Amino acid sequence: MSASVAGLLREIADVGRDATRGGWSRFVFDDAEMVLREWFVEQAQRRSLEVETDRNGAIWAWRHGSGGPGTGGRAIVTGSHLDSVPGGGEYDGPLGVASALAALDLLEARGVRSEKPLAVVAFPEEEGARFGVACLGSRLMAGAIDPDRARGLRDADGRTFAEVAAAAGLDVERIGPDPERLAGLEAFVELHVEQGRGLVDLGQPVAIGSSILGHGRWRFSVTGEGNHAGTTRMLDRRDPMVVAAGIVLATREVAAGHPDARATVGRVVPVPGGTNVIASRVDLWLDARHPDDAVTAAVVAAIHERARAVAAAEGCTVELVEESYGGTVHFDAGLSGRLGRVLPEAPVLDTGAGHDAGVLAGSLPTAMLFTRNPTGVSHSPEEACEDTDAEAGAAALADVLEDLLRP
Ligand code: GLV
Ligand code: MN
Ligand code: MN
Ligand code: MN
């Protein structure tokens with residue numbers, strides 16, 4: 001069989017469409033993501049790949065080496081994720097999985113056999129949209145998050161990762177580092193839709209990734225006094241929403257002082273959240289990124305300082321908790337160099353977005369390919385990819401895999 005990337009994506013185009021937010025909402029282990037997981041398993045089985053779900057909920061589809069299961073040494077792996085941000089685009093994640101399947105079909109059509117095993121992987125909770133920690137599956141596998149902490153992470157409904165993962169069929173006592181699996185992998189190459197305008201500006205369909213910006217997430221919790229919107233005089237209020245507004249403005253102003261910094265407050269949750277209620281507490285999440293760990297730390301500290309001042313003026317208190325952090329990642333030079341020799345026309349681009357390939361870079365050689373996104377927009381329904389570029393991406397991935405599968 002030989003599937004096109006566009007054809008594969010069309011099969012899942014209606015899964016997790018979000019009529020309220022627009023775009024797609026596919027959260028790890030929710031109904032939509034479970035449908036995508038089943039779809040991936042079915043696609044793998046159609047290709048006679050052997051499917052397994054690892055202890056952390058990643059699905060692996062194996063093309064064994066020509067000597068049979070367990071032979072051929074360490075595996076070459078490609079793939080991405082199936083979950084999305086709330087109201088996200090169609091391609092962030094699924095493009096990498098569909099391109100991997102299409103690339104395997106191209107290898108079959110070319111008659112490429114290999115002693116080395118090849119796998120396609122779909123990681124869970126890459127976006128951290130449900131449990132707050134991005135790349136949760138790859139972090140667990142790499143030992144980059146404590147399994148007890150992961151088990152206790154809660155979604156917006158208060159359900160823990162342990163409960164939700166158990167309901168999805170995982171043995172949650174076993175989640176955590178998987179050194180044996182990692183030791184069996186030679187290289188991971190993740191293809192992803194580009195999340196900026198690099199390729200559009202260069203007029204090229206496919207790029208090789210060079211690095212990922214260091215990034216982290218922090219939660220501010222502002223506590224004030226819940227009260228009545230009609231009976232509480234303005235000067236008598238201790239309104240945490242006013243402090244939240246100050247934190248949002250501080251985020252913009254502090255980050256603007258550092259040319260390479262990115263800082264965003266994308267989620268604000270007032271408690272209890274009523275139009276005629278002065279909130280008693282507001283939680284807000286800061287996403288901050290910069291190539292230099294020290295600058296990110298300074299940006300967060302400066303925002304925190306400003307937050308404390310606004311909170312004091314309003315008679316509120318503010319607490320700051322770091323939820324996750326990962327420093328700047330430079331992909332493996334040897335592996336990326338090999339991609340460059342296979343794809344001499346492809347430009348080399350860095351990215352400000354996080355990826356499982358970034359987390360796994362600490363454990364094995366990883367690399368990335370980006371496919372052109374004509375809008376340059378991502379984490380939005382506006383994210384796009386032309387069919388011809390998607391096929392060019394899969395063909396580039398097939399070329400790379402063919403090269404890496406050589407002894
Ligand atoms: C994930 O895509 C991120 O970069 O936040
Ligand atoms: Mn994303
Ligand atoms: Mn992604
Ligand atoms: Mn990502």
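The values are calculated or read from the model by the stated rules, or taken from the named source; none is laboratory data. As the structure is a computational prediction, the values presented were derived from the model and not from experiment. Here Cβ is always computed from backbone atoms with ideal geometry, including for glycine, and neighbour counts include all displayed protein chains. Note: accessible area is taken over every heavy atom of the protein model, side chains too, but ligands, DNA and RNA are not part of it. Shrake-Rupley method; radii C 1.70, N 1.55, O 1.52, S 1.80 Å.
Summary of computed values
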{"quantity": "Filter result (within 19 Å of residue 61 (Cα to Cα) and either open to solvent by 40 Å² or more (accessible area, probe 1.4 Å) or away from ligand 1 (no atom under 13 Å from the Cβ) (or both)) within the stretch 114-139", "calculated": "114, 115, 116, 117, 118, 119, 120, 121, 122, 124, 137"}
{"quantity": "Near pairs, Cβ below 9 angstrom, 6+ apart or cross-chain, from the stretch 331-351 (of a type in the set (Lys, Arg)) to any residue that is surrounded by fewer than 18 Cβ atoms within 10 Å (Cβ to Cβ) and part of a helix (DSSP H, G or I)", "calculated": "338/403; 341/403"}
{"quantity": "So residue 191, is it open to solvent by less than 10 Å² (accessible area, probe 1.4 Å) and away from ligand 2 (no atom under 16 Å from the Cβ)", "calculated": "no"}
{"quantity": "Hits in the stretch 145-178 (condition: open to solvent by 60 Å² or more (accessible area, probe 1.4 Å) and either within 22 Å of residue 321 (Cα to Cα) or not in a loop (DSSP other than H, G, I, E, B) (or both))", "calculated": "146, 148, 149, 154, 156, 157, 159, 163, 167, 173, 174"}
{"quantity": "The stretch 93-113 - residue that is touching a residue at least 40 places away in the same chain (Cβ under 8 Å) and open to solvent by 10 Å² or more (accessible area, probe 1.4 Å) and, of those, farthest from ligand 1 (Cβ to nearest atom)", "calculated": "113"}
{"quantity": "Residue in the stretch 330-347 that is within 30 Å of residue 74 (Cβ to Cβ) and either within 16 Å of ligand 1 (Cβ to nearest atom) or among the hydroxyl-bearing types (Ser, Thr, Tyr) (or both) present", "calculated": "yes"}
{"quantity": "Selected residue (criterion: surrounded by the most Cβ atoms within 10 Å (Cβ to Cβ)) from residues of the stretch 195-205 that are part of a loop (DSSP other than H, G, I, E, B) and more than 12 Å from ligand 1 (Cβ to nearest atom)", "calculated": "205"}
{"quantity": "Hits in the stretch 167-225 - residues which are in contact with a Cys (Cβ under 6 Å, 6 or more places away or on another chain) and either within 16 Å of ligand 3 (Cβ to nearest atom) or assigned by TED's automatic domain parsing to the domain that holds residue 92 (or both)", "calculated": "193"}
{"quantity": "Complete set of residues in the stretch 316-328 that are open to solvent by less than 40 Å² (accessible area, probe 1.4 Å) and in contact with an Asp or Glu (Cβ under 8 Å, 6 or more places away or on another chain)", "calculated": "316, 327"}
{"quantity": "Residue list for the stretch 314-371, filter: part of a helix (DSSP H, G or I) and away from ligand 3 (no atom under 15 Å from the Cβ)", "calculated": "314, 333, 334, 335, 336, 337, 338, 339, 340, 341, 342"}
{"quantity": "Any chance residue 309 is crowded, with 22+ Cβ neighbours inside 10 Å and either within 16 Å of ligand 1 (Cβ to nearest atom) or not in a loop (DSSP other than H, G, I, E, B) (or both)", "calculated": "no"}
{"quantity": "Residue that is nearest to residue 134 (Cα to Cα), among those in the stretch 285-298 that are surrounded by fewer than 19 Cβ atoms within 10 Å (Cβ to Cβ) and among the aliphatic types (A, V, I, L, M)", "calculated": "297"}
{"quantity": "Number of positions in the stretch 1-27 that are surrounded by 13 or more Cβ atoms within 10 Å (Cβ to Cβ), farther than 30 Å from residue 108 by Cα and among the polar types (S, T, N, Q)", "calculated": "1"}
{"quantity": "Residue match in the stretch 384-405 (condition: assigned by TED's automatic domain parsing to the domain that holds residue 19, in a strand (DSSP E or B) and away from ligand 1 (no atom under 16 Å from the Cβ))", "calculated": "no"}
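Condition check ((1) hydrophobic (A, V, I, L, M, F, W, C); (2) assigned by TED's automatic domain parsing to the domain that holds residue 146; (3) within 20 Å of the chain's Cα centre (by Cα); (4) buried (at least 17 other Cβ atoms within 10 Å of the Cβ)) across all residues:
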{"site": "300", "(1), (2), (3), (4)": "yes, no, no, yes"}
{"site": "341", "(1), (2), (3), (4)": "no, yes, no, no"}
{"site": "362", "(1), (2), (3), (4)": "no, yes, yes, no"}
{"site": "370", "(1), (2), (3), (4)": "yes, yes, yes, yes"}
{"site": "374", "(1), (2), (3), (4)": "no, yes, no, no"}
